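J.: Below you will find the structure I want to go over with you.
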Amino acid sequence: MTRSARLAVAAAVAAAAAAVAPATASAQTFAGGSIGPGARSYTGTSELGFRVAAGRVTVRGAAQIQCRGGRTSEVEGTASGPLNPDGTFRLTFTRRRLQLVTSSRYRRRVLVTGQVRGAEIAGRIEATASGGGVRGCRGAFDFLARSAPALAPDAAPPPGGRTLLGMTSGTRGGPFGLNLRVGPDGRRITHLVTTARNRCRRLRPYQETNYSPPIAIAADGTFRKVERFRVRFSDVTDSVTITTTGRFVAGGATGTWQARTVSRSRRTRRVVDRCGTGRLSWSASVV
């Protein structure tokens, strides 16, 4: 995929982000998702953000499902529809993609059902996908989303073996969840997933979901992880740096998250673009 193709795709991404932007100041926002059962895999993991206003509910998010041949696939997108009087809803992702698309042959179907219950939403995701190098992808799992947690600043031991669901400070195109799981011994975070909106000098804004490797927890309950990796396109190579910080407090954890990308021409090695999320704050509460 070329840089120019990414620019064209991002135009659709910008329109999708606008579709899920805040419509009214009175809208309720929820974020969360799920962490899959695997000790090392992200299969069955989701990150979801919901906005409820004027009798309608909008969802945007991403999930990892299992495919044939031991592969996995990420399904992402957005949907909007009516909220029933009892708080239930049934939504199917539109064809519009929120992230940069690498194959026009990729197809996915994502159904999100659930119920708004005061300060949380409980529901289920059912997804299938094929094409673009994968086939026979399928997954179904429960999720939970909550309003942004208000946590006390008092330090607390890491909750070993527990899952935490939360929300970042990113609002444009959001809300965005940040979900994590602590290992049984409380010494490391085994899973951490979040999505954020990237702004660039040339490329229109786009969203990306990051699935972090394990993060060590210090003796005082704090943690910090810097991830560095490259994504190669036919015309550019993106060098990505992601910095996650946090500390465990009573009832959950708080911290910061930031992604930065430098795009270099594969022919000249010159920098052709810079993108980033800015420094976001986050908080997550124990499930």
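J.: Among the residues of the stretch 94-122 satisfying the criterion of being touching a Leu at 6+ places or on another chain (Cβ under 8 Å) and free of Cβ contacts under 8 Å to residues at least 24 places away in the same chain, which is farthest from Cys67 (Cα to Cα)?
T.: Within the stretch 94-122, the subset touching a Leu at 6+ places or on another chain (Cβ under 8 Å) is 111-113, 116, 120-122.
Still in the running and free of Cβ contacts under 8 Å to residues at least 24 places away in the same chain: 111, 122.
On the way: Leu111: 17, Ala122: 26 Å.
Restricting to residues being touching a Leu at 6+ places or on another chain (Cβ under 8 Å) and free of Cβ contacts under 8 Å to residues at least 24 places away in the same chain, the top hit is Ala122.
J.: If you go through the stretch 30-48 one residue at a time, how many are open to solvent by 10 Å² or more (accessible area, probe 1.4 Å) and either closer than 14 Å to Arg162 by Cα or among the hydrophobic types (A, V, I, L, M, F, W, C) (or both)?
T.: So the count comes out to 5.
J.: Separate question: Kindly list the number of the only condition in (1) open to solvent by 20 Å² or more (accessible area, probe 1.4 Å); (2) more than 30 Å from Pro157 (Cα to Cα); (3) among the aliphatic types (A, V, I, L, M) that fails for Leu280.
T.: The one condition Leu280 does not meet is (2).
J.: Pairs, please: C-beta under 9 Å, at least 6 apart or cross-chain, first residue without any contact (Cβ under 8 Å) to a residue 12 or more places away in the chain and closer than 26 Å to Gly38 by Cα and in the stretch 70-90, second β-branched (Val, Ile, Thr) and exposed (fewer than 14 other Cβ atoms within 10 Å of the Cβ)?
T.: none
J.: Go through the residues of the stretch 260-273 one by one and say whether even a single one is under 21 Å from Gly61 (Cα atoms) and open to solvent by 10 Å² or more (accessible area, probe 1.4 Å).
T.: Let us first name the residues in the stretch 260-273 that are under 21 Å from Gly61 (Cα atoms), namely 260.
Those left that are additionally open to solvent by 10 Å² or more (accessible area, probe 1.4 Å): 260.
Yes, some residue in the stretch 260-273 is under 21 Å from Gly61 (Cα atoms) and open to solvent by 10 Å² or more (accessible area, probe 1.4 Å).
J.: For Thr94, state whether it is part of a loop (DSSP other than H, G, I, E, B), at negative phi and either hydrophobic (A, V, I, L, M, F, W, C) or open to solvent by 10 Å² or more (accessible area, probe 1.4 Å) (or both).
T.: Numbers: part of a loop (DSSP other than H, G, I, E, B): yes; at negative phi: yes; either hydrophobic (A, V, I, L, M, F, W, C) or open to solvent by 10 Å² or more (accessible area, probe 1.4 Å) (or both): yes.
Yes, satisfied.
J.: For the stretch 151-193, give me the residue count where each residue is within 30 Å of Pro205 (Cα to Cα), assigned to a loop (DSSP other than H, G, I, E, B) and touching a Phe, Trp or Tyr at 6+ places or on another chain (Cβ under 6 Å).
T.: Start the filter on the stretch 151-193 by keeping residues that are within 30 Å of Pro205 (Cα to Cα), which leaves 164-181, 189-193.
In the following step, the residues that additionally are assigned to a loop (DSSP other than H, G, I, E, B) were identified as 169-176.
The next check asks that each one be touching a Phe, Trp or Tyr at 6+ places or on another chain (Cβ under 6 Å); those that pass are 170.
Residues in the stretch 151-193 being within 30 Å of Pro205 (Cα to Cα), assigned to a loop (DSSP other than H, G, I, E, B) and touching a Phe, Trp or Tyr at 6+ places or on another chain (Cβ under 6 Å): 1 in total.
J.: So, in the stretch 184-204, how many residues would count as being crowded, with 17+ Cβ neighbours inside 10 Å and farther than 16 Å from Arg247 by Cβ?
T.: Adding up the residues that qualify gives 11.
The values are calculated or read from the model by the stated rules, or taken from the named source; none is laboratory data. Computed from a predicted structure; not experimentally measured. When we count neighbours, we look across all protein chains shown, and the Cβ atoms used for this are built from the backbone with ideal geometry, even at glycine. Ligands, DNA and RNA are stripped out before the accessible areas are found, and what is left, the full protein with its side chains, is counted by its heavy atoms. Shrake-Rupley method; radii C 1.70, N 1.55, O 1.52, S 1.80 Å.
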